[in-house]
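Q: Here it is: the structure, laid out below.
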Amino acid sequence: MEISGEERIAAPRQVVWEALNDPDILRQCIPGCQELEQRSPTELAATVKLKIGPVSASFKGEVTLSDINAPESYRISGEGKGGIAGFAKGFADVVLTEDGGETVLKYQADAQVGGKLAQLGSRLIGSTSQKLAQQFFADFNSAVGQKMADA
């Protein structure tokens, strides 16, 4: 299932890039994130609790950053296991473009689910995934705005 979108952020590209690589900001913005630990500059471990339709699950997983072209783009890949609920894995390509004093963040993501989650149907999974992505980027935009205000 593919998801894409863009978010205009009222901050310079370097500030947005630093926020995208800040575990504290990511922890605040990832929907349902209970824990996010940086293991190396390109590896994170996460625990996320989500409810998708009638299925509620806690996912433990790994997140890896690759194809890093600072401060323009990277690929973020992850895989999480949710016990009997199943698994989720995918990636997102993120590109940052300067536009005056603002930054346009574009993302193109692809995700796969298995187990009980896959039985919910692609329409519910797709709409929930899109909603979660929009929530993440809206929260991320707010967090960057707060960071700019505090600076």
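Q: Going by what's in this entry, would Glu6 be described as loosely packed, with under 14 Cβ neighbours inside 10 Å and over 16 Å from the mean Cα position of the chain (by Cα)?
A: no
Q: Residue check, Arg39 against (1) open to solvent by 60 Å² or more (accessible area, probe 1.4 Å); (2) touching a residue at least 12 places away in the same chain (Cβ under 8 Å), all met but one. Which one?
A: The number of the failed condition is (2).
Q: When you scan segment 58-81, do you find a residue that is free of Cβ contacts under 8 Å to residues at least 12 places away in the same chain, more than 12 Å from the chain's Cα centre (by Cα) and either over 21 Å from Ala143 (Cα atoms) or open to solvent by 40 Å² or more (accessible area, probe 1.4 Å) (or both), even just one?
A: Within segment 58-81 (the criterion being free of Cβ contacts under 8 Å to residues at least 12 places away in the same chain, more than 12 Å from the chain's Cα centre (by Cα) and either over 21 Å from Ala143 (Cα atoms) or open to solvent by 40 Å² or more (accessible area, probe 1.4 Å) (or both)), the answer is yes, since at least one residue qualifies.
Q: Kindly provide the set of residues from segment 104-140 that are under 11 Å from the mean Cα position of the chain (by Cα), in a helix (DSSP H, G or I) and among the hydroxyl-bearing types (Ser, Thr, Tyr), ordered by number.
A: Scanning segment 104-140 gives a single hit, Ser129.
Q: Being among the β-branched types (Val, Ile, Thr), surrounded by 18 or more Cβ atoms within 10 Å (Cβ to Cβ), modelled with pLDDT under 95 and at negative phi narrows it down to one residue among Ile52, Ile84; which is it?
A: Among Ile52, Ile84, only Ile52 is among the β-branched types (Val, Ile, Thr), surrounded by 18 or more Cβ atoms within 10 Å (Cβ to Cβ), modelled with pLDDT under 95 and at negative phi.
Q: On to the next question. Could we say that Gln14 is polar (S, T, N, Q), more than 22 Å from Ala85 (Cβ to Cβ) and within 12 Å of the chain's Cα centre (by Cα) here?
A: So Gln14 does not fit the description; no.
Q: Also: I'd like the residue in segment 118-151 that is open to solvent by 90 Å² or more (accessible area, probe 1.4 Å) and not charged (D, E, K, R) and, out of all such residues, is farthest from Val94 (Cα to Cα).
A: Gln119
Q: Among the residues of segment 97-117, write down those that are in contact (Cβ under 8 Å) with a residue 24 or more places away in the chain and open to solvent by 50 Å² or more (accessible area, probe 1.4 Å).
A: Once the filter is applied, which keeps residues that are in contact (Cβ under 8 Å) with a residue 24 or more places away in the chain and open to solvent by 50 Å² or more (accessible area, probe 1.4 Å), segment 97-117 yields Thr97, Glu98, Asp99, Gly101, Glu102, Lys106, Gln108, Gln112, Lys116.
The values are calculated or read from the model by the stated rules, or taken from the named source; none is laboratory data. Predicted, not measured: the structure shown is a model, and the values here were computed from it. Neighbour counts run over all protein chains shown; Cβ positions are idealised from the backbone, glycine included. Only protein heavy atoms, including side chains, enter the accessible area calculation; ligands, DNA and RNA are left aside. Shrake-Rupley method; radii C 1.70, N 1.55, O 1.52, S 1.80 Å.
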